[in-house]
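Let me begin by presenting the structure, written as structure tokens, before commenting on it.
What follows is calculated from the coordinates using simple rules that are stated; it is not laboratory data. Here the structure is a predicted model, which is why all the values come from computation and not from measurement. As a convention, Cβ positions derive from the backbone with ideal geometry for all residues, glycine included, and neighbour counts pool all protein chains shown.
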Amino acid sequence: MRLRTLALALALPFVASCSDSPTEPQLPITFSGTIQVLNGTTVPANTRLLALWGVSAGSPDYSYVYGTGTVNSNGTFTITFDAEPPAEALNSGELGVALLILTTDQTLAQGQVPNNYTFPGLIGMTEDYSVIFTKNLTGPRAADWPNRFAGYGAGEVERSTTGFDTFKSVALNALKIVVDNLNNINPPNWT
């Protein structure tokens, strides 16, 4: 009996540490939230919601559009992903961080954004939130904030005054897009 109690006591910390790992959600996965207009304008009817993934693992850095959502008339939005982001949207094939942007530009298409693209029609973006995707984390990423996520997740920015920003996991319906003068929007600085 004492041996069984000892085995159980030794196993409990292992079970507890396994349950602390995030569980990868099933696809399709939907993110949603609110649109906060700070500059008194209205969101035009032709506004598009796109996921803009930042890739900084190589040189030069680039952005990649993957994911299109819906802007609702009641000041909310949704975006659904049916598959993993393409490898080109990920950093070293392991980590993806996407801003959700609102744009009236009808020409911005899925794929790598040209380096000389100036984002005409950009009216807002997620300032304190991002869509996060992780896959097979290795090296420093496996021991840093990305290990808080498995597959897709919603991240809220944890601002840093001494280095790069990090993200903590939040509910998939907690995202917020800010519409304002772009100089007033402070997107995360995670790279």
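Which of L122, L100, L175 ends up with the largest GNM mean-square fluctuation for the chain, with Cα atoms connected below 10 Å?
Comparing L122, L100, L175 in a Gaussian network model of the chain, the most mobile one is L122.
What number comes out for the charge environment of N189, summing +1 per Lys or Arg and -1 per Asp or Glu over other residues with Cβ under 9 Å away?
On the way: positive: R159; negative: D165.
My count for the surroundings of N189 gives 0.
Excluding A83 itself, what net charge comes from residues whose Cβ is under 15 Å from its Cβ, given Lys and Arg +1 and Asp and Glu -1? The partial results should precede the final answer.
Details: positive: K135; negative: E24, D82, E84, E88.
Net charge in that neighbourhood comes out at -3.
When the chain is treated as a GNM, springs tying every alpha-carbon pair under 10 Å, which of T34, T107, T23 comes out with the largest mean-square fluctuation?
Largest GNM mean-square fluctuation: T107.
What residue among Q110, Q36, Q26 shows peak mean-square fluctuation when the chain is described by a Gaussian network model with Cα springs under 10 Å?
Among Q110, Q36, Q26, the largest mean-square fluctuation in the Gaussian network model of the chain belongs to Q26.
Using only DSSP helix segments of four residues or longer, with each worth -39500 (n - 2.57), what per-residue ellipticity at 222 nm results for the chain after dividing by its residue count and rounding to 500?
Values: 2 runs with 23 residues, N = 191.
Computed mean residue ellipticity for the chain: -3500 deg cm²/dmol.
Could you work out the local net charge near Q112, counting Lys and Arg as +1, Asp and Glu as -1, over the other residues with Cβ closer than 12 Å to its Cβ? Don't jump to the answer; show the numbers that get you there.
Working: positive: none; negative: D61, E88.
Residues close to Q112 contribute a combined charge of -2.
I'd like the orientation of helix 2-19 relative to the chain: the angle between its Cα long axis and the longest Cα principal axis, in ° from 0 to 90, rounded to 10.
Approximately 10 degrees, to the nearest ten.
Rounded to the nearest 20 debye, what is the charge dipole size of region 27-184 about its Cα centre when +1 sits on each Lys and Arg Cβ and -1 on each Asp and Glu Cβ?
Numbers: 7 positive and 13 negative charges, 34 e Å.
With Lys and Arg at +1 and Asp and Glu at -1, about 160 debye.
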